[in-house]
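Derivation of every value follows stated rules applied to the coordinates shown; laboratory data play no part. Note that the coordinates shown come from a computational prediction; the quantities given were computed from them, not determined experimentally. Here the Cβ is made from the backbone with ideal geometry for all residues, glycine too, and neighbour counts use every protein chain on show.
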Amino acid sequence: MPAMEEGVQTSLQSLPRGVRFHPGYLDGNAQAALLAAVRSIFAAAPLFTPRMPKSGRPFTVRMSNCGPLGWVSDENGYRYQPLHPETGRPWPPMPAELLAIWRELAGYPDPPEACLINFYGAGAKMGLHQDRDEADFAAPVVSISLGDSCLFRVGGLRRGEPTRAFRLNSGDAVTLGGQARLCFHGVDRIYPGTSRLLPEGGRINLTLRRVTRGAFARAAQAPAAEAMHDKP
Ligand SMILES: O=C(O)CCC(=O)C(=O)O
Ligand SMILES: [Mn+2]
């Protein structure tokens, strides 16, 4: 029988197809190395507070990005852009640690173009949503957690379908790919004081994303066009 904690299903047998959970993916040293890279990113591209489209209501998480593109949100909507919304400078390059994680977990030949970095203070959360601002859904979203644990929730392809929640700890990785690429997901809450990785407390989540359709997606989705080119 699955263990239950605050109504949280901790058996992972019933995760939706396409959701891959890698508990303890990064060991302590790898977490510290990735955190050092994240600190340099924050120094060059400071955390900003995104706002909801239309209403302008602030998110409870703060964000930064690295890579050629970064995800931002404000009154004008959700989008990817090459420049930090406050400094106007390009996002810092993606560190080698993140590229290595993508190569190992994504199973996708083209490199990631954006890494959204969320910082959750003790009271922050993220409502159920889909990651659908990308033009390439053939690539998975690869997520890494650092710092305090959280309660992560995943559901189906439609809002209102049943969801299940499980705890993500520092060093855990999750990929949403295949049938789960567009599944609803969110973060219900943080468990303050559950990790000593960040002396200031809180949780950092990094999500690696392919944004534009790379060569692989184009080839996979246009077999007819490819075949036509092959004709003499
Ligand atoms: O913090 C997490 O684990 C998930 C973050 C997320 O879903 C997002 O940034 O789109
Ligand atoms: Mn998401």
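Which part of the range 151-175 falls in the paramagnetic zone of GLN130, meaning amide N under 13 Å from the point 7 Å along Cα-to-beta-carbon? Within reach of a label on GLN130, which here means backbone N under 13 Å from a point 7 Å along Cα→Cβ, the range 151-175 contributes 155-161. Percent of Cα pairs in the range 19-211 per distance bin of 5 Å, from zero to the largest separation: 1, 8, 17, 21, 23, 19, 8, 2, 0.
For a quick check of your reading of the filter: which GluC sites (Glu not before Pro) in the range 50-108 sit in a DSSP loop and have no more than 14 other Cβ atoms within 10 Å? Write out the running numbers ahead of the final one.
Values: sites: GLU75, GLU86, GLU97, GLU104; in loops: GLU75, GLU86.
Sparse-neighbourhood loop GluC sites (Glu not before Pro): GLU75, GLU86.
Just tell me the longest site-free run in the chain, where the sites are trypsin sites (Lys or Arg not before Pro) in a DSSP loop having at most 11 other beta-carbon atoms within 10 Å. Longest site-free region, per DSSP loop and neighbour criteria: 55-131.
Computed over neighbours whose Cβ is under 13 Å from that of ASP74, the net charge equals +2, Lys and Arg +1, Asp and Glu -1.
For the chain, set up a Gaussian network in which alpha carbons nearer than 10 Å are linked by springs, and say which option among LEU146, LEU176, LEU197 fluctuates the most. Greatest mean-square fluctuation among the candidates belongs to LEU197.
For the range 75-182, the Kirkwood estimate of the hydrodynamic radius, built from every pair of different alpha carbons, is 15.8 Å.
Calculate, in nm to one decimal, what TYR191 and GLU161 gain on full extension: separation in residues at 0.36 nm each, minus their alpha carbon distance.
Length gained between TYR191 and GLU161: 8.2 nm.
Under a 5 Å amide H cut-off, with hydrogens placed 1.01 Å from N, ARG189 pairs with LEU151 among residues at least 5 apart or on other chains. Gain on full extension, evaluated as 0.36 nm per residue between HIS22 and ALA219 minus their Cα-Cα distance, stands at 68.0 nm. For the options ASN76, ASN118, ASN65, a Gaussian network treatment of the chain with springs between C-alpha atoms closer than 10 Å singles out ASN76 as fluctuating the most.
Considering only the other residues whose Cβ falls under 13 Å of the Cβ of GLY107, what net charge follows from Lys and Arg at +1 and Asp and Glu at -1? Within the 13 Å Cβ shell, the charges total +2.
For the chain, the relative contact order works out to 24 percent when only alpha carbon pairs closer than 8 Å and six or more residues apart are counted. Measuring from a point 7 Å past the Cα of THR212 along Cα-to-C-beta, which residues in the range 88-127 have an amide N at less than 15 Å? Backbone N within reach: 110-114.
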